[in-house]
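Heads up, the thing below is written out as structure tokens.
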Amino acid sequence: MSLAVYEWRKLFSLPALWAFLALSLLFNTFLICTLSEQDRAFFNDTSADTALLGQRVDQAFCDGLAALPETENRAVLLQSVTGLEDSFETYDTGILKDFYTAVVKNSPTVVSLVAWKYDALSARVKHLAQTDAGIDLYAGPVTQGSHQFLFGTLMRSLLGETAIAAMLGTLYLLGYEGMHRTESLACASRTGRRLQRTKVLAALGASLVLLALVAVPTLGLYFARFDYGGIWDASVSSQFNYLSDLMLIRPFLTWGDFTVAEYLAAALVLGAALTAAFSLLASLCGTLVRSPYLAALVLGLLCFGGLGLTSALGNLKLWVGYVLSCFQPTIVWLCCGGWFTELGLNAVLPWQETIAVGADLLLLGAGTALALRRFRRKDVLT
């Protein structure tokens, strides 16, 4: 434990780390401050109304809303909910199945997987129709924009910043003795080469601390400006919420029942696991490539090259390769705005982002363990 604390002290006493975190928080603050004041006022007014009337849009809700003092925002909200019907009662996932199978039609394997996924999704639609989740208001007309800002733009930003800090911090710890030309002394000490394992574990723990250091102030500022008091219990699968890609708009259909509060908690847990996966990827590179600078270059090539590979496979219509490439951590990170949904072409399995992160942790953990074993047998150059 004392060795891990020592490694943490080395990392968190690094001025460059705190400078990066400060810049990250400034950037996130800028993102939050660019949001429309009009949309923020509408969101907060809607939250206050749903705190009084509840989230379920039924006749009692409409009557209660109409009885409240009239404002411009309430007039818009009342117009949007008047005559609202549950669209999930008639929604056919065959529309999505036909669209996406037509895109991947030259790959029978992927066609069958995509068709199976949307057949499984049809059962979720029936369940959502039975529970009336679709007629939860969420935030009414500003639902999609606010949801995608929080869980897409802002979450992608803070997870990306944390991943960068975690990876560079991991490489710094693993390469510290090499940069200071004390690696041979460290290996000859009582702890010896087992120190590398301690460094990997310390870096994993530090990655979660870094996530907290970025997420807590960022989300704290966001929730200070946007009142979620009447929103937390809303279903994220409200019909006011939706996703769009390839010029196709589709409902926000999750594989499980999530309120906004539960969805945020699940996204943060998955984000923490994803951050750990990025730290393990850096551990693998830093253990195999002893120069931290060269390891950083290899790490950058793996992350950005992986994105380029996925794009190229899609453009070349090599769909089996494309589907497999969507399991890499960078693609999971990019898709955070649609986590726990069917994810369009970026998934062929229910809960794929969760499965992908679990698989990444197992594979990268095993790879790092093998790399550490190789390091224990390798000669150290002085």
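Each principal axis of the Cα cloud of the range 291-337 was evaluated for its coordinate range; sorted largest first, these ranges are 37, 25, 13 Å. Between F27 and Q130, how many nm apart are label points set 7 Å from Cα along the C-beta direction? Placing both labels 7 Å along Cα→Cβ, they lie 4.5 nm apart. Spin-label model, Y293/D245: points 7 Å from Cα along the beta carbon direction are separated by 3.8 nm.
In this calculation the C-beta distance from L324 to V5 is compared with R0 = 51 Å, giving a FRET efficiency of 0.80. Count the lysine pairs in the chain whose Cα atoms sit under 12 Å apart, keeping only pairs 8 or more residues apart in sequence or on different chains. Taking the Cα cut-off of 12 Å, the pair count is 4. Counting neighbouring Cβ atoms within 10 Å and putting the fewest first, the residues K117, K10 line up as K10, K117.
Here the Karplus curve 6.51 cos²θ - 1.76 cosθ + 1.60, taken at θ = phi - 60°, turns the phi angles of the range 331-338 into couplings of 6, 4, 4, 4, 8, 4, x, x Hz, with x standing for Gly and Pro. Exposed loop sites here are GluC sites (Glu not before Pro) assigned a DSSP state other than H, G, I, E or B and surrounded by at most 12 other beta carbons within 10 Å; excluding them, the longest clear run of the chain is 86-382. Each of F12, F240, F327 has some number of other Cβ atoms within 10 Å of its Cβ, and from fewest to most they run F12, F327, F240. Both radii come from the Cα set of the range 221-273: Rg as radius of gyration, Rh as Kirkwood radius; their ratio Rg/Rh reads 1.02. Over the range 240-382, the ratio between the Cα radius of gyration and 2.2 N^0.38 Å evaluates to 1.21.
The helix-only estimate of mean residue ellipticity at 222 nm for the chain, built from DSSP H runs of length n ≥ 4 each weighted as -39500 (n - 2.57), is -22500 deg cm²/dmol after division by the residue total. The reciprocal of the average 1/r between distinct C-alpha atoms defines the Kirkwood hydrodynamic radius, which for the range 69-130 equals 14.2 Å. One decimal place: the segment L84-L301 gains 73.1 nm when fully extended, by the rule 0.36 nm per residue minus the C-alpha distance. Apply 1/(1 + (r/R0)^6) to the Cβ-Cβ distance of A212 and N106, taking R0 = 41 Å, and write down the FRET efficiency to the nearest 0.05. So the FRET efficiency works out to roughly 0.35.
If I stretch the segment between A51 and L362 completely, what's the gain in nm (0.36 nm per residue apart, minus their alpha carbon distance), one decimal?
Here the segment from A51 to L362 would lengthen by 107.7 nm.
Legend: calculated FRET efficiency, L370 to D227, from the Cβ-Cβ distance at R0 = 45 Å, rounded to 0.05, equals 0.35. Go through (i) 44, 26, 15; (ii) 44, 23, 18; (iii) 33, 22, 21 and flag the label whose value is the computed semi-axes √(5λ) of the Cα gyration tensor in Å for this structure. Computing semi-axes √(5λ) of the Cα gyration tensor in Å and matching it to (i) 44, 26, 15; (ii) 44, 23, 18; (iii) 33, 22, 21 gives (i). Its Kirkwood hydrodynamic radius, worked out from the mean inverse distance over all distinct Cα pairs, puts the range 314-358 at 10.5 Å. Dividing the radius of gyration of the alpha carbons in the range 1-134 by their Kirkwood radius gives 1.20 for Rg/Rh.
All of the numbers you see were taken from the coordinates with simple rules; none came from a lab. This is a predicted model, so every value here is computed, not measured. Ideal geometry is used to build each Cβ from the backbone, glycine not excepted, and the neighbour counts take in all protein chains shown.
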